[in-house]
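Beneath this line is the structure, given in structure tokens, with notes to follow.
The values are calculated or read from the model by the stated rules, or taken from the named source; none is laboratory data. What you are looking at is a predicted structure, and each value in this text was computed from that prediction instead of being measured. Every residue, glycine among them, receives a Cβ derived from its backbone with ideal geometry; neighbour counts consider all protein chains shown.
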Amino acid sequence: MPAERTAGDFGSRLRAARESRGISLRQIANATKISVSALEALERNDISRLPGGIFSRAFVRSYALEVGLEPEETIQDFIAQFPNDSVTAGHPTSSQVEDNVALESDRRMASTFLSIVALSVPIVGLLLYFGTSGRQLRKADEPPAATAPAPPPVPVSRAAAPVAEPPPVVPATDSEPAADAPAAAAPGAAAPDAAASRLTVALSATRACWVSATVDGQRAVQRLFQAGEEQTFDVQKELVLTAGDAAAISLKLNGADARPLGKTGEVVTKRFTLDNFKDFLITR
């Protein structure tokens, strides 16, 4: 592509190639599973409507294949026309997401540690104070030990007195409960709620849609989901989810139905955590 071409020529070139083959945007959308609104934005050079990064390049590659353009050359033209926006537009890159996740995790850990220390110091001080005071009070209340008088001497007769035998030792039977046996656990004791520390996100696609998911700072999936395909994510801290078609994805958060992510053809990025996932649930 000549150096003097303007940014507007990239979308015009795509549209001219499509129209020369007599192909409609709806036909390309049906073949590539990319929404018509995203394809229109690409032809208008409005890349702010694209998800950004590898998603945008994937859209360009799919479009080029459908209209007969060389995919790699078209991608290079796209990057040359939009050297910054083609990478940064849309959702943040994986490294930015991971940095934000790590920073937020460190902040939470530091806040939790300081809270525990602040609560523990006064409690330990009170325990030490009452323990020391209790020992001092018990010592003050104890009477002084009395000196027992010496027993009078016992006269010894010449005849040896019979020695009394000790009573027989009766072994304990199984029917008698042991005095030191620990008390049995109360029936019906509630088990700790293990689900409170974990978030389960069940994702299903109602039609073909691009999906990217980062779980606890690690990339879990980035691909095209087909209609009816499902996947479950176990989340301990947070899930960052990007969908190329917001209305094509349905979610269940800890078994409860979530609201739609957005409108048909809309590219969205959502962040789900243990603290905010209830905000996405359907209100009964």
Given the structure, is ILE28 within 22 Å of ILE249 (Cα to Cα), modelled with pLDDT of 90 or more and assigned to a loop (DSSP other than H, G, I, E, B)?
no
Can you tell which of ASN100, ASN84 is at pLDDT below 80, within 24 Å of SER212 (Cα to Cα), exposed (fewer than 10 other Cβ atoms within 10 Å of the Cβ) and not acidic (Asp, Glu)?
ASN84
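Matching residues to (1) outside the structural domain of ILE47 (by TED's automatic domain parsing); (2) aromatic (Phe, Trp, Tyr); (3) crowded, with 21+ Cβ neighbours inside 10 Å:
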| site | (1), (2), (3) |
| --- | --- |
| TRP210 | yes, yes, yes |
| ARG219 | yes, no, no |
| GLN222 | yes, no, no |
| GLU229 | yes, no, no |
| THR232 | yes, no, no |
| THR242 | yes, no, yes |
| ASP257 | yes, no, no |
Only residues that are outside any strand (DSSP E or B) and under 21 Å from THR273 (Cβ atoms): list them for region 200-221, please.
ASP216, GLY217
Take region 56-78 and flag every residue that is under 34 Å from the mean Cα position of the chain (by Cα) and either among the hydrophobic types (A, V, I, L, M, F, W, C) or at pLDDT 90 or above (or both).
ARG57, ALA58, PHE59, VAL60, ARG61, SER62
Restricted to region 247-284 and to residues being touching a strand residue (DSSP E or B) at 6+ places or on another chain (Cβ under 6 Å) and in a loop (DSSP other than H, G, I, E, B), the residue farthest from GLY228 (Cα to Cα) is LEU274
Being among the hydroxyl-bearing types (Ser, Thr, Tyr) and at pLDDT 90 or above is the filter here, so list the residues in region 31-55 that pass it.
THR32, SER35, SER37
